[in-house]
Structure formats: structure tokens, C-alpha cells
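The values are calculated or read from the model by the stated rules, or taken from the named source; none is laboratory data. Everything quoted here is computed from the prediction, not taken from an experiment. As a convention, Cβ positions derive from the backbone with ideal geometry for all residues, glycine included, and neighbour counts pool all protein chains shown. The protein model used for the area step is the full one, side chains on, heavy atoms only, and it has no ligands, DNA or RNA in it. Shrake-Rupley method; radii C 1.70, N 1.55, O 1.52, S 1.80 Å.
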Amino acid sequence: MIEADLIVIGAGPGGYATAARVAADGGKVIVVERDYLGGTCLNRGCIPTKALCRSAEVAATVAEAEAFGIEVEGFSFNYPKAVERKNEVVASLREGVATVLSKAEIVKGDAVFTGPHTIKVGDEEYCAPKIIIATGSRPASLPVPGAEYAVNSDFILDMTALPSSLIIVGGGVIGMEFASIFNAFGVKVTVLEYCPEILPPFDEEIAKRLRMSLKKRGIEIVTSAQVTSISSGLTVECAVKGKPKAFSADMVLIAVGRTPVVPQGAAEAGIELTPRGAIKVDGNMETTVPGVYAIGDVNGICMLAHAAEAQGKVALGEKQRLDIIPSAVFTMPECAMVGLTEKQCAERGLAFKIGKATFRANGKALAMGEPDGLVKVITSDNGKLLGCHICGAHAADLVQEAATLMTADMPASALCDAVHSHPTLGETVAAAVAASL
Ligand code: FAD
Ligand code: NAD
């Protein structure tokens, strides 16, 4: 039996960042990983998609170059080259994770619980007073006949040739990012979303704005669509607002959420699950077994890389505002949000004011050729920011200003008091806040 101060199962953004923190302080840390370092985020998620997003942006920029006074004589898109670049970005960051973990011991293999504080990897047993489960999630399947003919996000990030047409089942974050990417690569994309609007957790006005922008780019988006079957010939049957409809394409991607990956033996060790199959945790990320914690996608609270890392800090006893987690969708244009939506404020009976600013009135946005954008902020009757919602270029970076203000619990007016450089997109955030006061 090998003993350690801390065992971390899974080297995704939750696991590796948390393990590195404890190892840097001199603790004996064992990290068990059965696949590549970096987890879903680095190998099958955030980073490979963002590398492809960048190729998509460059393709769109070259296609629109003439409007900027640049004449490009005939250009073509080399998908295998874009994939090669994506793989290089991933490989280089994997080396970075290995460096971050240099003070921890990495054990390659599948961790199986053999008791509340013991695990087995191969023939070796390990124990520690503290174990952090950070085993992440995998793509959820769709319980309809023929779902096996469709592919998932893992497959699509590894493929080396483009289909000429693609149906995406699910207009959530993964669905919309891939729709935006493959549309820019010249693929005919159709999105079938079950809810009346895409991106259900986002503010409806912002989601609608994104839907309209993506439609203008040629993406077909069908909402209120309940998929009933997929045929081997890749025809997707669905009920759209109750009426039967069929769509066909060369490839079907299912992106309807992700399922937590729970290590074997966890239930026998006393680690309870939620009805949705995630590991049950309290506010300190502790499971039903004292000393055993679960962070990141596996606890199903918030399936984002930065949430996994923040929860890891909480598991180590650090304070984090887990109620203020910004999130972004890296489409063209981007969408981002932090805090409550207008609908959530109304449902909670809160007194609130809305302030908006458009990119069309912003010098930098027009100079960039990005007039299509909106910042919407919601402030409380005591002048605090309740939420910030953005659709437009660099929304993911812009929303951070509001997230910082909310985390510091400062009055919304402080954001306007901070002098903003001109011309910047950040001026739109200040203008929206000023309009809400
Ligand atoms: P993971 O990253 O899933 O890591 C878990 C690790 O545990 C894996 O490496 C796995 O091999 C290992 N493991 C599992 N079981 C065992 C076991 N029994 N023994 C040993 N090892 C085990 N989030 C963002 O914030 N921004 C984005 O832009 C973004 N884009 C995404 C794009 C896509 C296509 C996808 C699929 C996800 C995206 N996400 C994004 C979500 C993000 O990837 C996850 O929220 C994040 O990776 C969760 O981190 P984690 O540490 O909880 O788990
Ligand atoms: P999601 O929950 O974001 O979206 C799933 C979508 O599928 C929803 O809109 C849902 O209404 C729809 N849906 C469900 N069943 C359906 C059906 N039968 N027919 C049609 N539509 C159906 O899940 P996802 O897009 O798979 O992403 C999984 C997780 O990964 C998310 O929780 C997200 O946090 C994370 N992620 C984050 C980023 C990012 O931060 N940029 C990017 C990708 C993924």
C-alpha cells in the first residue's frame, strides 16, 4: 500500500490545478490519470474547439477581406492543416500540464475504489486521508432509435475530412460552437434544438440575437424540434412544434449534454450519487464519505473548466464565489454571461433595471467591422449588478469586467467610474451599466 497526503483521480483542469497547488506546498500528491494529461478540456474540449474556432475566424476574415480593402486572389481552405494546427496547440499545452504537475507523482491507469480511502490502479493499492475525484464527464447519448449512426464531439474533433453537410442535434454550447465552426469551413449546417430557443441557460434576448446572426451566415436553426429517430442513411426524423419533419445530411452530431464519469467502486465505498448520476457533494465539495471530495463535471454542478478549478480551491478550503461563474460561447459572434438572466430576476420577484448598449454605436466595433453586438446588464434596486449578458465580438473577454465587479461586491456605478480607454469595446459595458442606473 502506497501512502500519500492527497490522491487526485483525473488530470483535467479540476484535478491537475488542485494537485499542483498542494504539491507546490510540499504535500505528497498522487495524480491518477488513465488518458492524456489535461482531461476533456485540453484534449477533447475547450482547447481543440478554440483552435478550430480561430481557423474559422481566419476563414471568415479572408472571405470578407475585400470589404477592408484587401483583395485576395482565390483562396482555399485546407482542413487537414487546420486539424494539424489544433493538434500542435493541444500537444504543446499537454507539455505545460506535465510541467505544472512536476512536483506530484503521476500514476497512469484506471483508479478503482477499494474502500472509502483506498484505490487500486492495476495491481497497486494507494491510500490517503484526502481523495479528490475529478473524473469529468463524457458525451451523453440520445435515447432514440438509430442514435448509434450519429457521432459525438470526441469523434468530430478527431476527424480529418469534412462532411459536406452536418445535422447537429442540440443547440446548446457544443452544438452552437460546432455550427459556427463548420459553417465557416463551408459545411451546410442544420441545428435541431428541442427548446423554443437555442442556448437555454442564456438570456433569451442574447440567444435570439445569436440565432439571427448565425442564420444570416447560412446556418439553418430549427427550434422546438424533438428528434424521434435517426436512420442508417442519416435522415433525422423529428416533430417540429408537433408536426413531423425529416432532415438529411452526410453526418449527424449529437450534442445534448454530458454525463458524469464516476470511478468504479465509488458506490461500494459509500459515495452517493444524485438522481442524475453525478457525485453528491456539499458546499465544500465533500462527498458523503468524509475526506473524499468531488470537483468539476463529475459533480454535475457547473460543467465548465474554470468552475472545476474554482471548486478544487474550495475543496482545499479556499474561499471562492462559486455563484459568480462567467460562461461564454465561442461562436461568431461570441456570447457570454455572468449572473442572473432577466427571466430569472423576474421569476425571483426581484426589483431590477435593465441597461443596454449596442456595438453599432461603438467606435472600435465599427472600426473592426463588428457592428453586430449587444451588451445587456441588469442592476438591482440597491445599485448592484445582478447579471451581464453580451452577444458580440470578444464577449467572452468583455464579460469578465462585470464578473470581477460582482465578485468584489462593488456597486455597479464603480464600473462607470473606472475610466475606459477609447476606442475600446469595453466602453459598451460601461455604457450599458450607465443606462441601468
Ligand atoms: P475532465 O476535463 O473531463 O477530466 C477528467 C479526467 O479524468 C480525464 O482525463 C479522464 O481520463 C480522467 N479519468 C476519468 N475516470 C478516471 C479513472 N477512474 N481513473 C483515472 N482517470 C480517470 N469548458 C469551458 O470552460 N470553456 C470551454 O470553452 C469549453 N469548451 C468545451 C468544448 C467541448 C467540445 C467540450 C466537450 C467541453 C468543453 N468545455 C468547456 C467543458 C470542459 O471541458 C469541462 O467542464 C472540463 O474539462 C471539466 O474538467 P474536469 O477536471 O472536471 O474533468
Ligand atoms: P448543453 O446542455 O449546453 O446543451 C444541450 C442542448 O441540447 C440543450 O439546448 C438541450 O435543450 C438540447 N437537447 C436535449 N435533448 C434534445 C433532443 N432530444 N433533441 C434536440 N435537442 C436536445 O450541452 P452540450 O452542448 O452538450 O455541452 C455540454 C457541457 O459542456 C455544457 O454543460 C457546457 O457547460 C460545456 N461546454 C462549455 C463550452 C464553453 O464554455 N464554451 C463549450 C462546450 C461545452
### Task
Select from the range 44-62 the residues that are part of a helix (DSSP H, G or I) and within 7 Å of ligand 1 (Cβ to nearest atom) and list them in ascending order.
ARG44, CYS46, THR49, LYS50
### Task
Only strands (runs of 3 or more DSSP E) wholly contained in the range 69-168 count here; list those with 2 or more residues that are among the hydrophobic types (A, V, I, L, M, F, W, C) and within 15 Å of ligand 1 (Cβ to nearest atom).
105-108, 111-115, 118-121, 130-133
### Task
Answer yes or no: is there a residue in the range 309-321 that is at pLDDT 95 or above, among the polar types (S, T, N, Q) and in contact with a Phe, Trp or Tyr (Cβ under 8 Å, 6 or more places away or on another chain).
no
### Query
Which pairs have Cβ atoms under 6 Å, sit 6 or more apart or on different chains, and link a residue in the range 266-291 that is in contact (Cβ under 8 Å) with a residue 60 or more places away in the chain to one that is of a type in the set (D, E, K, R)?
GLY291/LYS130
### Query
Only one of (1) of a type in the set (Ser, Thr, Tyr); (2) out of contact with any Pro (no Cβ under 7 Å at 6 or more places or on another chain); (3) open to solvent by less than 30 Å² (accessible area, probe 1.4 Å) fails for TYR194. Which number is that?
(3)
### Message
Exactly one condition in (1) out of contact with any strand residue (DSSP E or B) (no Cβ under 9 Å at 6 or more places or on another chain); (2) in a helix (DSSP H, G or I); (3) away from ligand 2 (no atom under 16 Å from the Cβ); (4) not aromatic (Phe, Trp, Tyr) is false for GLY26; which is it?
### Response
(2)
## Note on the structure
Over the range 230-247, the set of residues in contact (Cβ under 8 Å) with a residue 60 or more places away in the chain and either of a type in the set (Lys, Arg) or open to solvent by 20 Å² or more (accessible area, probe 1.4 Å) (or both) is SER231, SER232, LEU234, PHE247
## Note on the structure
Condition set of a type in the set (Lys, Arg) and in contact (Cβ under 8 Å) with a residue 60 or more places away in the chain, scope the range 340-377, selection farthest from LYS208 (Cα to Cα): answer is LYS364
### Query
What is the residue count in the range 414-437 for residues that are assigned to a helix (DSSP H, G or I), buried (at least 16 other Cβ atoms within 10 Å of the Cβ), more than 27 Å from the chain's Cα centre (by Cα) and without any contact (Cβ under 8 Å) to a residue 60 or more places away in the chain?
1
### Message
Quick check on MET337: is it part of a loop (DSSP other than H, G, I, E, B), within 16 Å of ligand 2 (Cβ to nearest atom) and in contact (Cβ under 8 Å) with a residue 60 or more places away in the chain?
### Response
no
### Message
Please determine whether any residue of the range 172-187 is at positive phi, within 16 Å of ligand 1 (Cβ to nearest atom), surrounded by 23 or more Cβ atoms within 10 Å (Cβ to Cβ) and not assigned by TED's automatic domain parsing to the domain that holds PRO80.
### Response
no
### Query
Restricting attention to the range 90-105, which residues are surrounded by fewer than 17 Cβ atoms within 10 Å (Cβ to Cβ) and either in contact with a strand residue (DSSP E or B) (Cβ under 9 Å, 6 or more places away or on another chain) or among the β-branched types (Val, Ile, Thr) (or both)?
ALA98, THR99, LYS103, GLU105
### Message
Within the range 348-400, take every residue that is among the basic types (Lys, Arg) and open to solvent by 10 Å² or more (accessible area, probe 1.4 Å) and give me the one that is nearest to LYS216 (Cα to Cα).
### Response
ARG360
### Every pair of residues 6+ apart whose Cβ atoms lie under 9 Å, when the first sits in the range 300-311 and is touching a residue at least 40 places away in the same chain (Cβ under 8 Å) while the second is within 9 Å of ligand 2 (Cβ to nearest atom) and assigned to a loop (DSSP other than H, G, I, E, B)
MET303/GLY257; ALA305/GLY45; ALA308/CYS302; GLN311/CYS302
### Task
For the range 215-229, state whether one or more residues are away from ligand 2 (no atom under 12 Å from the Cβ), under 19 Å from the mean Cα position of the chain (by Cα) and buried (at least 20 other Cβ atoms within 10 Å of the Cβ).
no
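Yes/no matrix, rows are residues, columns are (1) touching a Phe, Trp or Tyr at 6+ places or on another chain (Cβ under 7 Å); (2) in contact (Cβ under 8 Å) with a residue 12 or more places away in the chain; (3) over 30 Å from LYS343 (Cβ atoms):
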position	(1), (2), (3)
VAL144	no, yes, no
ALA150	no, yes, yes
ASP154	no, yes, yes
VAL173	no, yes, no
MET176	no, yes, no
ILE181	no, yes, no
LYS208	no, no, no
### Query
Among the residues of the range 239-247, is there at least one that is under 21 Å from the mean Cα position of the chain (by Cα) and among the aromatic types (Phe, Trp, Tyr)?
no
### Query
Does the range 7-23 include one or more residues that are more than 9 Å from ligand 1 (Cβ to nearest atom), in a loop (DSSP other than H, G, I, E, B) and either in contact with a Leu (Cβ under 6 Å, 6 or more places away or on another chain) or at pLDDT 95 or above (or both)?
no
